[in-house]
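Engineer: The structure under discussion is supplied below as structure tokens; questions concerning it will follow.
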Amino acid sequence: GDMTCAASPMSSRPGACQLSQRLDSTDSSDTWCQSVSSGARSAKSGASATIAERSASTSTLSALFLSFLVPAVLLSPIAGVWVDRLDKRLVLIVANLSRAGAFFLMLGSVDALGIVLLLNILASIMTTLFAPAELAMIPLLVRREQLTSANGLFTFTLNAAFALGFALLGPRSE
């Protein structure tokens, strides 16, 4: 109870104590872990760097980025509507498993550009569905008065994970 809160690094902020206690629940911790693992998306850039390095072609790198961005841009306006009609937990599970599978298959297929592009499109579609499902879970897991803090923690964690992923990738791609 109060002893845990007093020792919490978040206890200096008003309302943070209750948020940290709320985030101790299994569902909230799972969602927070999802945001951490979402930062692993930047690890996909490692595969992109490897493919670009092997092909020595900027066109190949452009095709990789376009194969991820175009489906996301086209599907984003309707992804939230689709996800609202589905079980969000199921969407999160299927999307994460699909993205993980696509990523690992991509690592084994770096010399087959067509396969990598198709896997990248799959990862893009799954990520586009994952994002609204992930964000829709936050209000279900925290009380209304904690929503702003929870969203802030989510955004901080996501951005920190991206930064960490790119920081780890930097030395690899030099």
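Throughout, read-outs are computed from the coordinates displayed, never taken from laboratory work. Remember, predicted model here, so these are calculated numbers, not experimental data. In this analysis, Cβ positions are derived from the backbone assuming ideal geometry, glycine residues included, and neighbour counts consider all displayed protein chains.
Engineer: Would you kindly derive the ³J(HN,Hα) couplings of region 65-76 from the backbone phi angles with the Karplus curve 6.51 cos²θ - 1.76 cosθ + 1.60 (θ = phi - 60°), listing them in order in whole Hz, with x for Gly and Pro?
Structural biologist: 5, 5, 5, 8, 6, 4, x, 5, 5, 6, 8, 3
Engineer: Still on this structure, I have one more. Quick check on region 114-174: take the gyration tensor over C-alpha atoms, sort the square-rooted eigenvalues as a ≥ b ≥ c, and tell me if it's rounded (a/c under 1.5), prolate or oblate. Show your work: numbers first, answer last.
Structural biologist: Details: a/c = 6.22, a/b = 1.50, b/c = 4.14.
It comes out oblate by the Cα gyration axes.
Engineer: For region 91-148, state the semi-axes of the equivalent ellipsoid (square roots of 5 times the eigenvalues of the alpha-carbon gyration tensor), sorted largest first and rounded to whole angstrom.
Structural biologist: Values for region 91-148, descending: 32, 9, 8 Å.
Engineer: Could you work out how far apart the two model spin labels at I115 and A167 are, taking each label as a point 7 Å from the Cα in the direction of the beta carbon, and quote it in nm?
Structural biologist: Once both label points are built, they end up 3.5 nm from each other.
Engineer: Which order do the peptides 79-85, 93-99 come out in when sorted by mean C-beta neighbours inside 10 angstrom, highest first?
Structural biologist: Ranked from most to least packed, the peptides come out as 93-99, 79-85.
Engineer: Another question, if that's okay. State, as an integer percentage, the relative contact order of region 59-174 based on alpha-carbon contacts under 8 Å between residues 6 or more apart.
Structural biologist: Once divided by the residue count of region 59-174, the mean separation gives 32 percent.
Engineer: For R85 and L61 in one chain, what is 0.36 nm times their gap in residues minus the Cα-Cα distance, to one decimal in nm?
Structural biologist: So the extension gain works out to 5.1 nm.
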